[in-house]
Amino acid sequence: MKNVYLRSMLAAACAATLAACGGSGGNLYLGGNVIGLAKSGLVLKNGDSELEVLSGATTFYFPNLVKADDRYDIKILTQPKGATCTITGGTGKANSYSASNAVVSCITDQYTLGGSISGLTADGLILANGQSQISPLANSTKFVFASTVGDGATYTVNVFKNPPGLACTISNPVGTMGSKNNDTLIVACVPA
Amino acid sequence: MKSSCLRPLIVLMLIAGLAACGGKASYEVTGTISGLSNSGLVLANGGDTVSPAVGATSFTFPKRIDYGTDYNITVKTPPAHMNCSVSSGSGSAGHYVSIESFVLCQQNTYTVGGTITGLTVDGLVLANGSDANQLTLVKSTTTPGTFTMPAQVADGSSYTINVVTNPAGLSCKVDTDPATGLSTGVGVMGEAAVTKVKISCTAV
């Protein structure tokens, strides 16, 4: 009998101690990992709680703690500018494992890079943007690199190889990718 | 009394059964491979070798080894233009249920860089294509100055080094190679670091 009394005393003491841990009654951090966030402006929300996640962040945690067995539903309130994020594991019932197990994956928006060519009377031209290459054929007047470039990324395009008998130049080889496909590069070829 | 006779008999039968299986258990020395895009890889386990083909995702050495035999899988010859590393490649046969090593192969990479003249002001920014690892240079302390791009380029890949931002009061450009008529900042990576990129800065 005494034993039962002692046990219930202990249980009550434990409960009181736990309740003292947080005003909102929780002791679990709600959050997780962030992958690929290279843009600013991402805002997450869980219920009334909002959280801005900065560019380059690899983790996120809401300021308000949650209790065991609380339901949570992390949503994207605002997408970053120039990137698209998705959440996995953002919904569930909190326990010490699940509450910090969400993953926010972000991909910077991608656009094509290309432009116009004049005077290309022979095959053999190779243009390169770093390791990305394209070989427009004779009489092409337009080109688009197969590899896309991220919103806000730099590009530095060069003539990698001239066609036989021609010398080609790019008048605007360096720039920054905007938020749409870029077809502004200007390549001019003249007899060498 | 009857029971004490039966037990040794069962034990003897079990031993006989095991012996029929070939005595000691033997193990295949195997593993998985990722990234093997060039030919020439030779793996060795002691004197035993195996040459996985291009694109192979697994390998098995010709010889099986007995329970308790040590194995140590090494890269005897790397593939052309690549380097491979082995993990979980050594131990004693039978320590785990099977021998499962991992071989990861990657293209060799080398740095791109060169020399620069006239860089008397901080703040020159260079880029290689759309690689996010740009290089910001401070004014040269040697004549000529030297630079090395922060990101390495894989053997066989092209590079296009250009000026992204000029320092205040200077105009910097990548020199043209008179032999080819092309920029010295352009090329394809071979089997050694590139140091031929030439940049000149002049006051504006």
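The values are calculated or read from the model by the stated rules, or taken from the named source; none is laboratory data. Source: prediction; values computed, not measured. Methodologically, a virtual Cβ is constructed for each residue, glycine included, from the backbone with ideal geometry; neighbour enumeration extends over all protein chains shown.
Restricting attention to the stretch B:120-136, and to residues there that are free of Cβ contacts under 8 Å to residues at least 40 places away in the same chain and crowded, with 16+ Cβ neighbours inside 10 Å, which single residue is farthest from the other protein chains (Cβ to nearest Cβ)? Please lay out each step first, then the result.
Step one: filter the stretch B:120-136 for residues free of Cβ contacts under 8 Å to residues at least 40 places away in the same chain, giving B:127-136.
After this cut, where a residue has to be crowded, with 16+ Cβ neighbours inside 10 Å as well, the list is B:127-131, B:134-135.
Details: B:Ala127: 5, B:Asn128: 5, B:Gly129: 2, B:Ser130: 5, B:Asp131: 5, B:Gln134: 7, B:Leu135: 12 Å.
Here the answer is B:Leu135.
So that you can scan it fast, the table gives a plain yes or no per residue for (1) out of contact with any Phe, Trp or Tyr (no Cβ under 8 Å at 6 or more places or on another chain); (2) crowded, with 20+ Cβ neighbours inside 10 Å; (3) modelled with pLDDT of 95 or more:
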{"residue": "A:Ser132", "(1), (2), (3)": "no, yes, yes"}
{"residue": "A:Phe145", "(1), (2), (3)": "yes, yes, yes"}
{"residue": "A:Val149", "(1), (2), (3)": "no, yes, yes"}
{"residue": "A:Tyr155", "(1), (2), (3)": "yes, yes, yes"}
{"residue": "A:Phe160", "(1), (2), (3)": "yes, yes, yes"}
{"residue": "A:Ala167", "(1), (2), (3)": "yes, no, yes"}
{"residue": "A:Ser171", "(1), (2), (3)": "yes, no, yes"}
{"residue": "A:Thr176", "(1), (2), (3)": "no, no, yes"}
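When A:Ala138, A:Ala122 are checked against the criterion of being more than 14 Å from every other protein chain (Cβ to nearest Cβ), over 21 Å from the mean Cα position of the chain (by Cα), in a loop (DSSP other than H, G, I, E, B) and loosely packed, with under 15 Cβ neighbours inside 10 Å, A:Ala138 stands alone in meeting it. Would you point out the residue of the stretch B:73-99, among those that are in contact (Cβ under 8 Å) with a residue 40 or more places away in the chain and assigned to a strand (DSSP E or B), that is farthest from the chain's Cα centre (by Cα)? So the residue we want is B:Ile99.
Please go through the stretch A:152-185 and give me each residue that is more than 11 Å from chain B (Cβ to nearest Cβ) and not in a strand (DSSP E or B), ordered by number.
Taking the stretch A:152-185 as the starting set, the residues that turn out to be more than 11 Å from chain B (Cβ to nearest Cβ) are A:163-165, A:171-172, A:178-185.
A:Pro163, A:Pro164, A:Gly165, A:Ser171, A:Asn172, A:Gly178, A:Ser179, A:Lys180, A:Asn181, listed by residue number.
Consider the stretch B:152-204 and keep the residues that are β-branched (Val, Ile, Thr) and at pLDDT below 95. The one that is farthest from A:Cys189 (Cα to Cα) is B:Val204. One residue alone among B:Gly22, B:Gly40 is out of contact with any Asp or Glu (no Cβ under 8 Å at 6 or more places or on another chain), in a loop (DSSP other than H, G, I, E, B) and either surrounded by 13 or more Cβ atoms within 10 Å (Cβ to Cβ) or modelled with pLDDT of 95 or more (or both), and that residue is B:Gly40.
Condition check ((1) within 13 Å of chain A (Cβ to nearest Cβ); (2) under 26 Å from the mean Cα position of the chain (by Cα)) across all residues:
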| residue | (1), (2) |
| --- | --- |
| B:Arg64 | no, no |
| B:Ser101 | no, yes |
| B:Gln106 | no, yes |
| B:Val112 | yes, yes |
| B:Gly118 | no, no |
| B:Thr142 | no, no |
| B:Gly145 | no, no |
| B:Val153 | yes, yes |
| B:Tyr159 | yes, yes |
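Here A:Gly89 meets the list (1) within 18 Å of the chain's Cα centre (by Cα); (2) at pLDDT 95 or above almost entirely, failing just condition (2).
Evaluate the following for B:Asn162: is it within 27 Å of A:Leu125 (Cβ to Cβ) and in contact with a Pro (Cβ under 7 Å, 6 or more places away or on another chain)? Yes, satisfied.
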